[in-house]
1. Would you tally the residues in the stretch 197-216 being touching a residue at least 24 places away in the same chain (Cβ under 8 Å) and in a helix (DSSP H, G or I)?
2. Is it the case, given these coordinates, that ILE125 is at pLDDT 95 or above, within 12 Å of the ligand (Cβ to nearest atom), surrounded by fewer than 21 Cβ atoms within 10 Å (Cβ to Cβ) and within 30 Å of LEU200 (Cα to Cα)?
3. Inspect the stretch 494-502 for any residue being touching a residue at least 40 places away in the same chain (Cβ under 8 Å), touching a Lys or Arg at 6+ places or on another chain (Cβ under 9 Å) and more than 16 Å from the ligand (Cβ to nearest atom) and give the result as yes or no.
4. On the basis of being among the charged types (D, E, K, R), modelled with pLDDT under 90 and either touching a strand residue (DSSP E or B) at 6+ places or on another chain (Cβ under 9 Å) or surrounded by fewer than 15 Cβ atoms within 10 Å (Cβ to Cβ) (or both), does LYS213 make the cut?
5. Hey, can you tell me all the residues within the stretch 278-292 that are at pLDDT 80 or above and hydrophobic (A, V, I, L, M, F, W, C)?
6. Take the conditions surrounded by 13 or more Cβ atoms within 10 Å (Cβ to Cβ), in contact (Cβ under 8 Å) with a residue 40 or more places away in the chain and touching a strand residue (DSSP E or B) at 6+ places or on another chain (Cβ under 8 Å) and apply them to ASN396. Does it pass?
7. Pairs only if they're at least six apart or on different chains, beta carbon under 6 angstrom, first in the stretch 73-86 and assigned to a strand (DSSP E or B) and crowded, with 18+ Cβ neighbours inside 10 Å, second β-branched (Val, Ile, Thr) and modelled with pLDDT under 95; list them, first residue then second.
8. If the Cβ limit is 9 Å and pairs must be 6+ apart or interchain, which residue in the stretch 91-120 that is free of Cβ contacts under 8 Å to residues at least 12 places away in the same chain and farther than 26 Å from LYS456 by Cβ pairs with which residue that is part of a loop (DSSP other than H, G, I, E, B) and of a type outside the set (Phe, Trp, Tyr)?
Amino acid sequence: MLSIFFNKILGDLFALLTLIIFIYIFNFYFKYFKRPNPLPGPFPLPFIGALYTKRGHLSDTKAWMKWLNESYGDLFELYIANNRVIHICKAEYVEKFFIYSSKDNKFPHRFGHSEGLKELGNNDIGLLANANLEGWKSSRLFFNSMFLPSHSERAYDAANKLWKEMESNWLSNYNNSKNVLEIDMSDWIRRFGASMIFDLNLGIKMPLMQDNKKLFSMLDMFMASFEWFIVHPYWMRHYVPPIRAHTKRLLKNRDDLFAFILKIIRERRKEIENSLISKDGNAEKMKDMLSMMIMSNTSHIVDNLTDDLNPELKRSMTEREILGNVLDSVFGGTATATSMFIHIVHMLTKNPNVVNRFRQELDSVFGEDHERPITAHDLSKLKYCDAIINEVVRLNHVLKLSARVSTEREEVAGYTWPAGSAFHINFERIHLNKSHWKDPEVFNPDRFMNNDNVTKNSLIQFGGGTRMCPGRKYATIMLKGMMTMLYRKYEVELVCEEDIVYHRDYLFAFYNNFITKLSPIHKQIS
Ligand code: HEM
């Protein structure tokens, strides 16, 4: 009797589940066949979209993108799980996304309101994923005012000091008899980048020897969380067993990372308040972004202390807003610049002629002096260095694309798109597009020595429009500074190409275990 009852319940549940799946699939294809502006692109399946086409290119997202671009053209649609995105692979189609006035730009969102990012906790704070446009705007003004060229002096100073500190750490392992230093460049440069951003943005001197593995792993995991929370719908994240377990791990990591940042914010707030009570004048000296944000939150001191601040920013920022901005400056600032640098070193190890020419340029600026601190004036003379960076960005940008979502009807690439349409500006495919570049696969920095031939928006290093990278000035100082300080003094060789670990996902590419051999060019190091 009982078993008949259970069988009936099971049967009913099965029927209900089948009905739900049927409705889901029907709804999916109903929307698919009614979508505006059908474009070429792989036919999507419910739940996974067109991700099945990655099958043949599982570990090679670059090859997958190439295949999609060659099969479906410079404007194609791709379903990532159930979400339709339009891939833009041609410079001429980019214009509308890169409008700099907030009033005229109809693509102010990067991901828009996303249930997944809301759960991840960064859909309404900071810059990167903030869909609250009012909040984003005031955070953005803050970033812009802190990254003005007038703040660059501090960046040069930090870069020079940190490089010296890093070198002296290297030298403690220097093998004088062999005249060679062997280091994991990916690890050191990441420490260097993180220390620089912590110093400039948070006013924290982070010793290079400090073990930051936990912090780096939290940041890497948080980055991976973006894709996870956007791609997997709520029910999948929380009810499908192996997916649920990973979601839990990512949420725990988010909590740990947020707690780490909140501790920094609260300690600084205490420091500022104590300094104001004791009137020791230390608060006046705190010009880093974190202190400025906290001071903006402490309204009675704003007027006295924050001369550098745009008057529009003199309003209280909540602790969550500060958390979002700290997160994005650390997150946006460390992995990008340091990974980009390793991409550059990698390319240069394969192109000794380019290195020789770069060295001639360095000699023309620094002569015999391979130690003196770098200045803005020095770096402004390094045109070939700029050309190398551009060419590496073109062939191997650390960020593969940038997302945009529209808020109004707008025309793009000859089609009118309704509000809420999602686009991915595919940097990688634009950078390799034959209609913009002669021999696009060939590494040739010379193509940038005469910029007249470069099609507008065919090289996108820092994005564009209202969402353009606010840290580009710091990034350029970091990249050119690190290149100069390394190559004016050392020969750089790879120890073993096969040992390098290259990670590449839909959005981002970086290296680990990038072991290099450095030997001084001019004389033995003492
Ligand atoms: C070589 C180094 C860097 C590269 C290649 C890079 C590249 C980019 C790109 C392509 C974007 C997207 C722009 C768009 O969608 O139009 C972006 C956004 C952003 N970057 Fe950078 N970046 C670098 C360094 C930095 C640094 C040093 C910081 C901060 C200190 C930073 C903070 C950010 C933030 C917060 C955003 C989001 C802006 C928004 O949505 O309003 N980046 N970056």
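1. The number of residues fulfilling the criteria is 8.
2. So ILE125 fails the test.
3. There is at least one residue in the stretch 494-502 that is touching a residue at least 40 places away in the same chain (Cβ under 8 Å), touching a Lys or Arg at 6+ places or on another chain (Cβ under 9 Å) and more than 16 Å from the ligand (Cβ to nearest atom).
4. In short, yes.
5. Result: MET289, LEU290, MET292.
6. yes
7. Listed pairs, sorted by first residue: ILE80/VAL231.
8. Between residues of the stretch 91-120 that are free of Cβ contacts under 8 Å to residues at least 12 places away in the same chain and farther than 26 Å from LYS456 by Cβ and residues that are part of a loop (DSSP other than H, G, I, E, B) and of a type outside the set (Phe, Trp, Tyr), the close pairs are LYS118/ASP124; LYS118/ALA131.
The values are calculated or read from the model by the stated rules, or taken from the named source; none is laboratory data. Predicted model, so just to flag it, every value in this text is computed and none were measured. Quick reminder, even Gly has a Cβ in these numbers, built from the backbone with ideal geometry, and neighbours come from all protein chains shown.
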